[in-house]
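What follows is one structure encoded as structure tokens, with my remarks underneath.
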Amino acid sequence: MRIVLILAGLAVLGAFSAPPAAAQDAQTPAVLQQQVDELKERVAKLEAALAALQAGPPAPAPAPAPAAAPVLPSEPVSPIGAGTAASSAKVFNPDMAVIGNFLGVAGKNPVAPSKAFEMRETEASFQAAVDPYARADFFLSFGESGVDLEEGFITFTTLPGGLLVKAGKMRAAFGKVNTLHTHVLPWADRPLVTTNLVGGEEGISDAGVSVARLIPIGGLFMEATGQVFRGDSENVFASRRPRDLSYVGHFRAYHDITENANIDAGVSYARGQSFFADDPSTLVGIDATYRWKPLQRSIYRSFVGRSEVIWNRGPQPLGTATGSGFYVSGDYQFARRWYAGARYDASDRAENLSLRDRGGSASLTFWPSEFSQVRGQYRRTVYAGDQVANELLFQLQFSIGAHGAHPF
């Protein structure tokens, strides 16, 4: 209706605006041009009004956004990220990693020859919290001969009395080297004492239960650990009957000497049925680790000295005998990514404690990043009977994924 009225107004305006013919003839061109301009201006205004009517009434101005309600201090905050997609994925997916350990060996070894190249080990790890009271750790070892469960255990972390309890398959808390996975070793191999008396790569590793407690006294931290295993550890213990269990105890003390240095020392005990005869075998060990890492130069300079002495008392062809072995090593970091190390070791053999091997090695390690490592190691071993082996070891390690820290 409004549109019709506007059009009618335009027509009337045009009729009254047009001068009579006689008068029009008398008007000058300048006056006519002025009238035309006025008509154009009025038409433009009417067209604008018409367009506004066709568009409808103007939209109301948006109401101001309400102020965000403050979060009350008593409101609980989710510890896993307030329900985001990433946090949900973290809840249902453990930390996973794969670590490759490639080893090359050149030289001659008449007693224990090695392959020229081998993928020594590929370790896959799965680690996550089970619930607020426990966590689980699984480590699968893939070798050229098959797959093995290196470790798989649950840890209860909130038990009364400050106890830490583990159940599953695990490495025994005997000394230092026995507790370390292969990719964590500061050398490309294991010391002779570990190879001869403590089972080599696998070491004392079995299914069982472990109970540990931390005892802090002033600036001294002590830890006592007691473990019971099924009794099967290759080249160490053998369980021929259900009652043939093995037992391991470890007492450890840690102390900060200065702000740059600390020392970690321990005593270990293990007992079980001998792998070589149906009689008990006993292992006793002493370990010590010294660490130096200056605070102001911590990424460029450090030193770690390690040593272990182990005694083995077990059955022999002529009766029970006692053998021993040890190693001492030092690893010095002289640049941000470079380490140099040396080790000397000697050990009797568990199957014949009258035979003794001796050896020494020197290594150079380069870390391109925290996910890869290149190491070269020269090793000279003099086996019982004066058989000599000179070998050059080349090791390349690389990892992907999130691999949790190993025990300190």
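The values are calculated or read from the model by the stated rules, or taken from the named source; none is laboratory data. What you see is a predicted model; the values in this text were computed from it and never measured. FYI the Cβ positions are ideal-geometry reconstructions off the backbone, even for glycines, and counts take in every protein chain you see.
Does segment 117-131 include one or more residues that are over 22 Å from residue 399 (Cβ atoms) and aromatic (Phe, Trp, Tyr)? Within segment 117-131, not a single residue is over 22 Å from residue 399 (Cβ atoms) and aromatic (Phe, Trp, Tyr). Across segment 164-206, the qualifying residues are those that are under 23 Å from the mean Cα position of the chain (by Cα) and of a type in the set (S, T, N, Q), and the one among them that is nearest to residue 105 (Cα to Cα) is 182.
Go through segment 369-391 and give me each residue that's buried (at least 18 other Cβ atoms within 10 Å of the Cβ) and among the basic types (Lys, Arg). It would help to see each step written out before you state the result.
Of the residues in segment 369-391, the ones buried (at least 18 other Cβ atoms within 10 Å of the Cβ) are 373, 375, 377, 379, 381, 383, 389, 391.
Within segment 369-391, 375, 379 qualify.
In segment 299-322, of all residues being modelled with pLDDT under 95, under 18 Å from residue 271 (Cβ atoms) and among the β-branched types (Val, Ile, Thr), the one that is surrounded by the most Cβ atoms within 10 Å (Cβ to Cβ) corresponds to 320.
For segment 318-404, the strands (runs of 3 or more DSSP E) that sit wholly inside it and include 3 or more residues that are basic (Lys, Arg) are 372-383. A single member of 88, 125 is modelled with pLDDT of 50 or more and in contact with a His (Cβ under 7 Å, 6 or more places away or on another chain), and it is 125.
Restricting to segment 240-280, and then to whatever is among the small types (Gly, Ala, Ser) and either crowded, with 18+ Cβ neighbours inside 10 Å or not assigned by TED's automatic domain parsing to the domain that holds residue 208 (or both), can you tell me which residue is farthest from the chain's Cα centre (by Cα)? Quick ask: steps written out before the conclusion?
From segment 240-280, those among the small types (Gly, Ala, Ser) are 246, 249, 253, 261, 265-266, 268, 270, 272, 274, 277; that's our starting set.
Those still in the list that are either crowded, with 18+ Cβ neighbours inside 10 Å or not assigned by TED's automatic domain parsing to the domain that holds residue 208 (or both) too: 246, 266, 268, 270, 272, 274.
On the way: 246: 31, 266: 26, 268: 28, 270: 30, 272: 34, 274: 36 Å.
This residue is 274.
Here 193, 228 are screened, and the one residue that is touching a Phe, Trp or Tyr at 6+ places or on another chain (Cβ under 8 Å), among the aliphatic types (A, V, I, L, M) and in a strand (DSSP E or B) is 228. With respect to the stated conditions, residue 283 is buried (at least 16 other Cβ atoms within 10 Å of the Cβ) and either under 30 Å from residue 368 (Cα atoms) or hydrophobic (A, V, I, L, M, F, W, C) (or both).
Residue-level check: of (1) under 29 Å from residue 352 (Cβ atoms); (2) among the aliphatic types (A, V, I, L, M); (3) at pLDDT 95 or above, residue 277 misses just (3).
How about segment 87-145: which strands (runs of 3 or more DSSP E) wholly inside it have at least 2 residues that are in contact (Cβ under 8 Å) with a residue 24 or more places away in the chain, more than 30 Å from residue 164 (Cβ to Cβ) and not small (Gly, Ala, Ser)? Let's see the steps before the verdict.
On the way: elements: 95-108, 117-131, 134-143.
So the answer is 95-108, 117-131.
When restricted to residues that are in a helix (DSSP H, G or I) and free of Cβ contacts under 8 Å to residues at least 24 places away in the same chain, segment 164-189 contains 0.
Of all the residues in segment 187-222, those that are closer than 20 Å to residue 266 by Cα and of a type in the set (Phe, Trp, Tyr) number 1.
Given the options 394, 408, 366, name the one that is surrounded by fewer than 16 Cβ atoms within 10 Å (Cβ to Cβ), modelled with pLDDT under 95 and of a type in the set (Phe, Trp, Tyr).
Going through 394, 408, 366 in turn, just one is surrounded by fewer than 16 Cβ atoms within 10 Å (Cβ to Cβ), modelled with pLDDT under 95 and of a type in the set (Phe, Trp, Tyr): 408.
Can you work out which of the residues in segment 154-163 that are within 21 Å of the chain's Cα centre (by Cα) and in contact (Cβ under 8 Å) with a residue 24 or more places away in the chain is farthest from residue 233 (Cα to Cα)? Selected residue: 157.
Here residue 210 fulfils each of the conditions (1) outside any loop (DSSP other than H, G, I, E, B); (2) more than 30 Å from the chain's Cα centre (by Cα) apart from (2).
Would you check if residue 209 is surrounded by fewer than 21 Cβ atoms within 10 Å (Cβ to Cβ), within 15 Å of residue 153 (Cβ to Cβ) and β-branched (Val, Ile, Thr)? Against the criterion (surrounded by fewer than 21 Cβ atoms within 10 Å (Cβ to Cβ), within 15 Å of residue 153 (Cβ to Cβ) and β-branched (Val, Ile, Thr)), residue 209 qualifies.
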